[in-house]
Amino acid sequence: MSGTDGADALYERLTAFVGRSAASAGTGKDPVNLPMIRHWCEAMGDTHPAYEGPDAVAPPTMLQAWTMGGLSGHTARSSAYEELFALLDGAGYTSVVATDCEQEYLRPLRPGDEIGFDTVIESVSERKTTKLGTGHFVTTRTDVRAGGELAGTHRFRILKYAPAARPVEKTTPRRPRPVVNRDNAGFWEGVAGHRLLIQRCVDCAEPRFPWLPGCNACGSREWDTVEASGEGTVYSYVVMHHPSFPAFDPPYAVGLIELAEGVRMISNVVGVPYDKVRIGMPVRLEFLRVDEDLELPVFRAGDAGEED
């Protein structure tokens, strides 16, 4: 059997799983609740008033959170999904990466709602070759219900692939490039001019970072920018030891910096040893050239005039 015939035979076996249940009559481990909504909003920096108070609703993007099984998993999962993965593993597609998700919201979820869900294997793609390697995209669709009523749909897509052979690195590795799109291009233009720009809602004057197409406080799509003074403090931080990545030299400190303008951003803390970074430490913005065409905003602790 040729390689092409083998691939066709495998794909035929894979498509036999389409439409089969991956989880049936699943139930959320907890009803929709205010503490989880509060934790989510604090982590996301979302201060919309609809998510608090006696008439609170859950942020729509929490849809998947109410169906998660945690480390112990869900007993509602069927064998079809495991069988599909075993078939892909046996064919050499042993690695997995999540690629994207799509959500559709049909009704708001409110504290006290009991969550039920069913998950189906919606599609398996033909064999695809990506930069990561060759494999198949697998999409599942989860229908989420509240009190038996369909509240939303969550589609989750992963790639099961055989890792591509990596070429031997002969040059100094470069840092990953930031993703620049129409929503954040203005921010990166500001960085190129050594300006840290923060979005500000024209209607309610709420500052926001990172850049978004609409205000998370009032929903307005009208905005302008203010230039950050560069003053800030370390709100929280982690020290990266492992895993190591090309172009990075661990250990190093990554901080969540609270700017004087009231927003927070993630960046490196420089100017002091990684083990001397502390919460509440004052820092000041500077721009670090990491290679010939990339400069990044970082935050220096202590005297801005000191050398590392």
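The local environment of residue 156, defined by Cβ-Cβ distances under 10 Å, has a net charge of 0 under the rule Lys, Arg +1 and Asp, Glu -1. Between the beta carbons of residue 110 and residue 218, assuming R0 = 30 Å, the FRET efficiency works out to 0.90 to the nearest 0.05.
Solvent exposure of residue 106, expressed as accessible area, is near 90 Å², computed with a probe of 1.4 Å over the protein chains only.
Based on DSSP H segments of at least four residues, each scored -39500 (n - 2.57), the chain has a per-residue ellipticity at 222 nm of -4500 deg cm²/dmol.
Under conditions of 25 °C and 0.890 mPa s, region 162-308 yields 145 µm² s⁻¹ as its translational diffusion coefficient, taking Rh as the Kirkwood radius over Cα pairs in the Stokes-Einstein equation.
Principal semi-axes of the equivalent ellipsoid, √(5λ) from the alpha carbon gyration tensor of region 208-290, are 28, 15, 12 Å from largest down.
When GluC sites (Glu not before Pro) are flagged only if DSSP places them in a loop and at most 14 other Cβ atoms lie within 10 Å, the longest unflagged stretch of the chain comes out as 223-291. In terms of accessible area, using a 1.4 Å probe and ignoring ligands and nucleic acids, 237, 105 rank largest first as 105, 237. All Cα-Cα distances of region 50-163, cut into 5 Å bins from zero to the largest, leave 2, 10, 18, 19, 17, 13, 9, 6, 4, 1, 0 percent in each bin in turn. Pop the C-beta distance of residue 134 and residue 18 into the FRET formula with R0 = 25 Å and round what comes out to the nearest 0.05. It comes to 0.80. Accessible surface for residue 78 stands near 30 Å², nearest 10, in the context of the full protein assembly shown (1.4 Å probe). Here's how it looks for residue 113: its modeled amide H is under 5 Å from those of 32, which are all 5 or more places away or on a different chain.
For residue 252, the residues whose amide H sits under 5 Å from its own are 240, ignoring neighbours fewer than 5 places away on the same chain, with H placed 1.01 Å from N.
At the residue level, residue 188 shows approximately 60 square angstrom of accessible surface with a 1.4 angstrom probe and all protein chains present.
The fraction of accessible area contributed by carbon and sulfur in region 155-308 is 53 percent, rounded to a whole number (1.4 Å probe; ligands and nucleic acids excluded).
At q = 0.17, 0.24, 0.26 Å⁻¹, work out log10 I(q)/I(0) for region 136-217 with the Debye formula, treating every Cα as an identical point scatterer and leaving solvent out; two decimals please. Here the Debye-derived log intensity ratios amount to -0.95, -1.08, -1.17.
A value for log10 I(q)/I(0) by the Debye sum over Cα atoms at q = 0.09, 0.11, 0.16 Å⁻¹ was derived from the coordinates, and within the list [x] -0.67, -0.97, -1.30; [y] -0.49, -0.70, -1.27; [z] -0.46, -0.69, -1.42 it appears as [x].
Heavy-atom accessible surface of region 8-65, averaged per residue, reaches 59 Å², computed with a 1.4 Å probe. The candidates 27, 172, arranged from most to least accessible area with a 1.4 Å probe in the full protein assembly, appear as 172, 27. Residues whose amide H lies under 5 Å from that of residue 152, counting only those 5 or more places away or on a different chain, are 106, 144; hydrogens are built 1.01 Å from N in the peptide plane. The residues 158, 266, sorted by heavy-atom accessible surface at 1.4 Å with ligands and nucleic acids left out, run 266, 158 from largest to smallest.
Across 130, 47, 171, mean-square fluctuation computed from a Gaussian network of the chain (C-alpha pairs under 10 Å connected) peaks at 171.
For the chain, a Gaussian network of Cα nodes joined below 10 Å ranks 111, 60, 176 by mean-square fluctuation, and the top entry is 176.
At an R0 of 35 angstrom, the distance between the Cβ atoms of residue 266 and residue 153 translates into a FRET efficiency of 0.65.
The values are calculated or read from the model by the stated rules, or taken from the named source; none is laboratory data. Fair warning: this is a prediction, and the values are worked out from it, not measured in the lab. Counting neighbours? That spans all protein chains shown, and the Cβs are built from the backbone with ideal geometry, glycine included. Heads up: the accessible areas ignore ligands, DNA and RNA and are worked out on the full protein's heavy atoms, side chains in. Shrake-Rupley method; radii C 1.70, N 1.55, O 1.52, S 1.80 Å.
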